[in-house]
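> Quick one: this structure, given as C-alpha cells, is what I'll be asking you about.
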C-alpha cells in the first residue's frame, strides 16, 4: 500500500494512492482520520483501513487535484542515522581530511535527533536556512515505526517498521561547521527543513527488492534535472535492524517515529566539491533551484528552493 496525507482544500486527510503513475487517484478516508492513528499494532488497523479505502472510500480525488503533505506531518520524534560510511568518507575527502575512519564509527551507528516541527511535504517550497550560504540537500530514506518497542534485538527490530518514504534533511553546511566546532551535536545546521514523502510505502510492497542489508531499488537525486547521485540501500554499513536496536537501547521507539538512513553515498553537494569533473559541482543551492528525489519504488519529491528569511541577530552579531 502507498499511503498519503493530503489537503484538497477542506483540511488534512489520509488516503490510499491508487494507480500506475498515469492518472493516479487518492482514495480518501473520512475527515479526522490520520495515518498515525492506524499505527501501534502488528498492522491490523492499517490493513483494515486500506480495505475500507479500496471498497468504500469517503472520497476519490485525482492526485493532481490535491496537495500532498508529509505522510506523517507531525512525527512524535525524528532521528537520522549514518548508515553509509562511504558518505562520511566522501565528506571527509571533500574537506581535505583523511578518509581513514576512527574505530568508533564501526562500533555503533551514529545518529542525531531531528526537529519534528521542521517536517514539510514532498512538493513544498524550501527556504534556505537563515544566514546560510552553503545550503545542501541529502538523499536519504526514512523508515517509519509501526509498532513501538524498547531494547529491540537487531535480528527482529525491522519487524517494528510499517514502511518507508523519502527523507531529505536539508543541511546548512556553514552552520554545520559551527555546530561541529561547538561539539554537542547537530543544531541549526539541520533545523530548517526535513522533507518526507510523497507516500508511506508499506514494507510488503518493497519485499521483492530486499537485499541482505537494505533494499536494491534505485534512488536518485537531481538539481535542476541534473543528476547528482544514484544509489540504493543495498550497501548499508549498518542495517535498519542494527540502527533500531541501538536507538531503542534503554528507551522507547513510538509508532510514527521517523528514522533516517543517512545519506546515500554521493547524495549531497558537499561530496562533489572536490570532484575532478567541474560539471558535477555547480555551486550550493540557490533560490529557484529545483531539487528532486526519485525512485520507482517510493515515488518522487520535487521542491523549489526559496530565498532565506532574514536573520534575527544576536548581540554578538551572529
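> Condition first: surrounded by fewer than 19 Cβ atoms within 10 Å (Cβ to Cβ), at pLDDT 95 or above and either within 29 Å of residue 164 (Cβ to Cβ) or touching a helix residue (DSSP H, G or I) at 6+ places or on another chain (Cβ under 7 Å) (or both). Can you find one or more residues in the stretch 303-318 that meet it?
yes
> Taking residue 215 and the conditions (1) closer than 22 Å to residue 71 by Cα; (2) buried (at least 17 other Cβ atoms within 10 Å of the Cβ); (3) modelled with pLDDT of 95 or more, which numbered condition does it fall short on, given that it satisfies the others?
(3) is the only condition that residue 215 fails.
> Kindly check whether there is at least one residue in the stretch 139-157 that is within 18 Å of residue 1 (Cα to Cα), in contact (Cβ under 8 Å) with a residue 12 or more places away in the chain and surrounded by fewer than 24 Cβ atoms within 10 Å (Cβ to Cβ).
yes
> Sticking with this one: Out of 52, 97, which single residue is in a helix (DSSP H, G or I), out of contact with any strand residue (DSSP E or B) (no Cβ under 6 Å at 6 or more places or on another chain), without any contact (Cβ under 8 Å) to a residue 60 or more places away in the chain and on the phi < 0 side of the Ramachandran plot? Before you say what the answer is, go through the steps one by one.
Values: 97 fails: in a helix (DSSP H, G or I).
None of the others qualify; the one that does is 52.
> Please count how many residues of the stretch 159-178 are in contact with a helix residue (DSSP H, G or I) (Cβ under 9 Å, 6 or more places away or on another chain) and surrounded by 19 or more Cβ atoms within 10 Å (Cβ to Cβ).
So the count comes out to 12.
> Now for a separate question. Being in a loop (DSSP other than H, G, I, E, B) and under 14 Å from the mean Cα position of the chain (by Cα) is the filter here; which residues of the stretch 128-158 pass it?
Once the filter is applied, which keeps residues that are in a loop (DSSP other than H, G, I, E, B) and under 14 Å from the mean Cα position of the chain (by Cα), the stretch 128-158 yields 137, 138, 139.
> So residue 42 passes all but one of these: (1) touching a residue at least 40 places away in the same chain (Cβ under 8 Å); (2) part of a helix (DSSP H, G or I). Which condition number does it fail?
So residue 42 meets the others, but not (2).
> Sticking with this one: Report yes if residue 90 is assigned to a helix (DSSP H, G or I) and under 25 Å from residue 169 (Cβ atoms), otherwise no.
In short, yes.
> Can we say residue 229 is in a strand (DSSP E or B), on the phi < 0 side of the Ramachandran plot and within 15 Å of the chain's Cα centre (by Cα)?
no
> Right, another one. Of the residues in the stretch 55-80, how many are surrounded by 12 or more Cβ atoms within 10 Å (Cβ to Cβ) and outside any loop (DSSP other than H, G, I, E, B)?
11
> Being out of contact with any helix residue (DSSP H, G or I) (no Cβ under 9 Å at 6 or more places or on another chain), over 30 Å from residue 273 (Cα atoms) and modelled with pLDDT of 95 or more, is that true of even one residue in the stretch 136-146?
yes
> Condition test on residue 239, is it at negative phi, assigned by TED's automatic domain parsing to the domain that holds residue 110 and in contact with a strand residue (DSSP E or B) (Cβ under 6 Å, 6 or more places away or on another chain)?
No, not satisfied.
> Tally the residues that are in a helix (DSSP H, G or I), over 30 Å from residue 310 (Cβ atoms) and in contact with a strand residue (DSSP E or B) (Cβ under 8 Å, 6 or more places away or on another chain), restricting the search to the stretch 159-212.
Number of matching residues: 5.
The values are calculated or read from the model by the stated rules, or taken from the named source; none is laboratory data. All values derive from a computational prediction rather than experimental measurement. Cβ sites come from the backbone with ideal geometry, for glycine too, and all protein chains shown count toward neighbours.
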